[in-house]
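Structure first, commentary second.
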Amino acid sequence: MKKVMYSQYGGPEVLQLVEVPQPVAGPKELLVRVRAVSLNPLDWKLRAGEMKLVAGSKLPKSVGIDFAGTVAGVGATVRAFQPGEEVFGLVDVLKGGALAEYVVVSEQQVARKPAGLSFAQAAALPVVGSSALQVFEQLIKLRPGAELLINGASGGIGMVATQLAKRQGARVTAVVGPAGLAAARQWGADTVLNYREQSVHSLGRRFDAVLDLSGQLPFAQARPLLTPAGVYVHSAPGVREIVGSFWHNLFSKQKYRVLLLKPKAAYLTTLANSNLDVVIGATYPLADFQRAYAEVAKGGIVGKAVFTVD
Ligand SMILES: NC(=O)c1ccc[n+]([C@@H]2O[C@H](COP(=O)([O-])OP(=O)(O)OC[C@H]3O[C@@H](n4cnc5c(N)ncnc54)[C@H](OP(=O)(O)O)[C@@H]3O)[C@@H](O)[C@H]2O)c1
């Protein structure tokens with residue numbers, strides 16, 4: 001079968017379409033025929049070698065985390081899924097391997113694809129949807145009327161986080177690029193700001209929580225935007241942010257939290273049942289993997305970019 005892999009760290013040019021043996025499902029696993037795979041910033045951070053500390057440095061490595069497809073076979077002890085069922089899910093975030101014709105996953109890594117979502121829409125959800133759910137489960141406790149700032153609200157996590165926060169009764173201020181203004185409103189944001197034209201600091205407002213998804217609003221810059229007991233979340237922390245947040249929280253009522261995604265089956269089930277508006281901002285055939293990664297990493301995609309695998 002065909003699979004996208006890389007044998008050296010670098011830009012999209014290091015990616016190669018290779019022929020590998022079709023994987024075989026173990027007794028507790030499923031073989032899935034992949035129909036769609038989404039692109040995540042984690043893909044290119046791993047490929048650039050920025051995450052060797054947690055992902056290891058042994059090459060070759062595979063790419064792609066989220067997928068949707070059809071169950072092609074099940075192991076002897078699998079009871080929850082049958083061949084032919086449509087599913088979506090994610091492989092090990094640090095190992096990748098979804099950008100292929102087939103993947104083997106455990107039952108905990110998939111959920112049934114809702115009929116209302118296309119394969120592309122379902123493949124868009126696992127990483128960003130699980131991240132948004134984890135943020136509101138563990139890092140930001142929203143109460144009705146809470147003021148939430150989402151910086152980078154028109155990307156993948158922002159798309160889900162905006163809709164979930166509105167359902168929990170929060171008031172959402174969404175900071176987006178020019179292409180994302182209409183989508184942020186469509187997802188329910190109360191105030192929408194174009195970061196290329198206006199700084200969020202110019203609003204002169206304070207927020208109960210600030211979720212930075214852009215990597216452009218570090219804690220020091222977000223602090224003046226927080227209420228005295230406000231919470232800030234860094235979505236892409238390195239060692240500095242993890243250590244810094246730990247020390248900060250010992251001495252301040254304002255909390256500095258970091259997202260370290262731990263996927264779980266319950267998140268996939270919740271996403272399947274959430275009836276989310278999933279916007280696909282760009283679609284690419286698998287064969288265009290180098291162009292897709294080069295274009296999408298430049299930004300400006302509203303919602304998610306997705307590969308179709310035929
Ligand atoms: N820690 C974890 O476990 C974990 C898990 C999942 C994801 N992540 C990380 O979380 C981050 C967000 O993920 P994502 O999938 O939502 O990424 P994404 O789809 O690329 O969204 C990021 C958004 O930030 C916006 N942005 C860029 N510059 C900005 C600025 N100066 N001000 C405001 N917004 C700006 C972008 O808008 P434009 O494109 O229009 O510029 C884009 O919509 C990524 O860094 C990802 O790697 C971490």
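The values are calculated or read from the model by the stated rules, or taken from the named source; none is laboratory data. As the structure is a prediction and not an experimental result, all values here were calculated from the model. As a convention, Cβ positions derive from the backbone with ideal geometry for all residues, glycine included, and neighbour counts pool all protein chains shown.
Assess whether ARG205 counts as being in contact with a Ser or Thr (Cβ under 9 Å, 6 or more places away or on another chain), outside the structural domain of GLU86 (by TED's automatic domain parsing) and surrounded by fewer than 24 Cβ atoms within 10 Å (Cβ to Cβ). For ARG205, the condition - in contact with a Ser or Thr (Cβ under 9 Å, 6 or more places away or on another chain), outside the structural domain of GLU86 (by TED's automatic domain parsing) and surrounded by fewer than 24 Cβ atoms within 10 Å (Cβ to Cβ) - is met.
The residues of segment 106-127 that are part of a loop (DSSP other than H, G, I, E, B) and more than 20 Å from PRO41 (Cβ to Cβ), listed by number, are LYS113, PRO114, ALA115, GLY116, LEU117, SER118.
Within segment 40-91, being assigned to a loop (DSSP other than H, G, I, E, B), of a type in the set (Gly, Ala, Ser) and under 16 Å from GLY10 (Cα atoms) holds for ALA48, GLY49, GLY56, SER57, GLY64.
Residues considered: THR270, THR227. Of these, the only one that is more than 16 Å from the ligand (Cβ to nearest atom), in contact with a Lys or Arg (Cβ under 7 Å, 6 or more places away or on another chain) and not small (Gly, Ala, Ser) is THR227. Only a single item in (1) within 10 Å of the ligand (Cβ to nearest atom); (2) surrounded by 15 or more Cβ atoms within 10 Å (Cβ to Cβ) is not met by LYS262, and it is number (2).
Check segment 133-143 and report whether any residue there is outside the structural domain of GLY69 (by TED's automatic domain parsing), near the ligand (Cβ under 10 Å from one of its atoms) and at pLDDT 95 or above. Checked segment 133-143: at least one residue is outside the structural domain of GLY69 (by TED's automatic domain parsing), near the ligand (Cβ under 10 Å from one of its atoms) and at pLDDT 95 or above. The single residue among ARG291, ARG223 that is of a type in the set (Lys, Arg) and outside the structural domain of GLN16 (by TED's automatic domain parsing) turns out to be ARG223.
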